[in-house]
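Report on one structure; see the data block that follows.
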Amino acid sequence: MAEQSTQIIPDPYHDEGYNIEDSASELTSLRSSITDYVYENGRRYHAYHAGSYWGSNDEKAMDAMDIQHHVYTMMLHGKLFLAPIADDVKRVLDIGTGTGKWAVDFGDLYPSATVIGTDLSPIQPKFVPPNVHFEVDDCTDDWLYHEPFDFIHVRGLYGCVEDWDRFYSQAFKHLTPGGYIQQIETGIIHHSDDGSFERSEMDEAGQLSVQAAKVWGKSFDTVLEMKDKMRKAGFVDINEHKFKLPVGPWPKDRRLKTLGKYQRLVWEESLEMWVMMLWTNFLGMTREEVEVRLAQVRRDLYDPRIHAYQDV
């Protein structure tokens, strides 16, 4: 598997893809209180343990989650995971399953496995493979599973867990001997190899989210911290794969250009979901102020001179 960690060469021809006009645990039953969602600043949020997660769970956010799943799968060259799990894997846990795309795809790929997807929001589909089921649960609570798992999959939990040491300790205890945990995280401070991203509105937005996270008291640097914390919890044979995920179709490489197109679409669909709760609750901004800042960020998304990428 070829990882992307070297410098990405920008495409000198800017016409393609830069037209802004073109982008138009109550485990057995869900109590009514869980689906009585919280609405704030025009977005819908989870009611179960309300306020413990920064992102919304409305239709626009769900669309973005599905696109992001596609991006991650493309980034891994069509694979759902890199961990060398056995073909006869029996029990799998997908933490922070979101819309459940990964869990459903895994269940289709391994029909003999039992796949459990957990999330704070009951936004998963009702018609799924018979070996897949979803539970409303908070991974920061005590884990109450009676049987261990062969594989634990974690993706996009930055800013969701206050005590990562406890999280990894619980994951370690709930894995079978020889089992694997795999985690994919993305940094919220983005970069460019040529300095074109620095001091852009996209850069400013990331810095504002870092400020909000500090006030909130949860780390958004999971992408930098998880390897050491896994080792501290007792995991061995830890492998770290690093990727540069472009935002926009600026790379010359055709595969990276396609990835960048999709990731820019993720940004278009996700910007409000990413920051509205954080900036209004912890930076004192109004909804209107947030929307003005995000309009400026969207202009940057379509500036071919900005060669931004995210660390994954």
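Can you work out which of the residues in the stretch 196-217 that are farther than 19 Å from LEU271 by Cα and in a loop (DSSP other than H, G, I, E, B) is modelled with the highest pLDDT? Step by step, filter the stretch 196-217, then rank; the result is SER196. Could we say that LEU265 is more than 13 Å from VAL71 (Cβ to Cβ), out of contact with any strand residue (DSSP E or B) (no Cβ under 8 Å at 6 or more places or on another chain), assigned to a helix (DSSP H, G or I) and of a type in the set (A, V, I, L, M, F, W, C) here? Taking the combined requirement at face value, the residue does not satisfy it.
Against the conditions (1) more than 30 Å from ARG255 (Cα to Cα); (2) in contact with a strand residue (DSSP E or B) (Cβ under 6 Å, 6 or more places away or on another chain); (3) of a type outside the set (Phe, Trp, Tyr); (4) in a helix (DSSP H, G or I), SER169 satisfies every one except (2). Residues in the stretch 172-193 that are out of contact with any helix residue (DSSP H, G or I) (no Cβ under 7 Å at 6 or more places or on another chain), among the polar types (S, T, N, Q) and either surrounded by 15 or more Cβ atoms within 10 Å (Cβ to Cβ) or outside any strand (DSSP E or B) (or both): GLN182, SER192. Assessment of the stretch 164-171 against the conditions (under 16 Å from the mean Cα position of the chain (by Cα), surrounded by fewer than 17 Cβ atoms within 10 Å (Cβ to Cβ), modelled with pLDDT of 95 or more and not aromatic (Phe, Trp, Tyr)) yields no matching residue.
Exactly one residue out of ARG255, ARG305 is basic (Lys, Arg), surrounded by fewer than 19 Cβ atoms within 10 Å (Cβ to Cβ) and not in a helix (DSSP H, G or I), and it is ARG305.
For the stretch 148-162, state whether one or more residues are over 29 Å from VAL275 (Cα atoms), modelled with pLDDT of 95 or more, over 19 Å from the mean Cα position of the chain (by Cα) and outside any loop (DSSP other than H, G, I, E, B). Within the stretch 148-162 (the criterion being over 29 Å from VAL275 (Cα atoms), modelled with pLDDT of 95 or more, over 19 Å from the mean Cα position of the chain (by Cα) and outside any loop (DSSP other than H, G, I, E, B)), the answer is yes, since at least one residue qualifies. Name the single residue, out of those in the stretch 194-228 being among the aliphatic types (A, V, I, L, M) and under 19 Å from PHE243 (Cα atoms), that is surrounded by the fewest Cβ atoms within 10 Å (Cβ to Cβ). Only one residue fits best here, namely LEU224. With respect to (1) more than 20 Å from TYR158 (Cβ to Cβ); (2) more than 19 Å from the chain's Cα centre (by Cα), the lone exception for LYS261 is condition (2). Pairs meeting the criteria (first residue in the stretch 218-246 and under 20 Å from TRP267 (Cβ atoms), second residue of a type in the set (Asp, Glu), beta carbons under 7 Å, at least 6 apart or on different chains) are THR222/GLU185; VAL223/GLU185; VAL223/ASP311; PHE243/GLU3; LYS244/ASP311.
Taking the condition in contact with a strand residue (DSSP E or B) (Cβ under 8 Å, 6 or more places away or on another chain) and in a loop (DSSP other than H, G, I, E, B), does PRO122 pass? When the stated conditions are applied, PRO122 passes them.
When the stretch 89-110 is filtered for residues that are part of a loop (DSSP other than H, G, I, E, B) and either at pLDDT 95 or above or in contact with a helix residue (DSSP H, G or I) (Cβ under 9 Å, 6 or more places away or on another chain) (or both), the ones remaining, listed by number, are VAL89, LYS90, THR97, GLY98, THR99, TYR110. One residue stands out in the stretch 255-276 among those that are of a type in the set (A, V, I, L, M) and touching a helix residue (DSSP H, G or I) at 6+ places or on another chain (Cβ under 9 Å): the one that is modelled with the lowest pLDDT, namely MET273.
Select from the stretch 172-227 the residues that are over 19 Å from the mean Cα position of the chain (by Cα) and hydroxyl-bearing (Ser, Thr, Tyr) and list them in ascending order. THR176, TYR180, SER192, SER196, SER200 - these are the residues of the stretch 172-227 that are over 19 Å from the mean Cα position of the chain (by Cα) and hydroxyl-bearing (Ser, Thr, Tyr).
The values are calculated or read from the model by the stated rules, or taken from the named source; none is laboratory data. All values derive from a computational prediction rather than experimental measurement. All Cβ positions, even for glycine, are placed from backbone atoms using ideal geometry, and neighbour counts span all protein chains on display.
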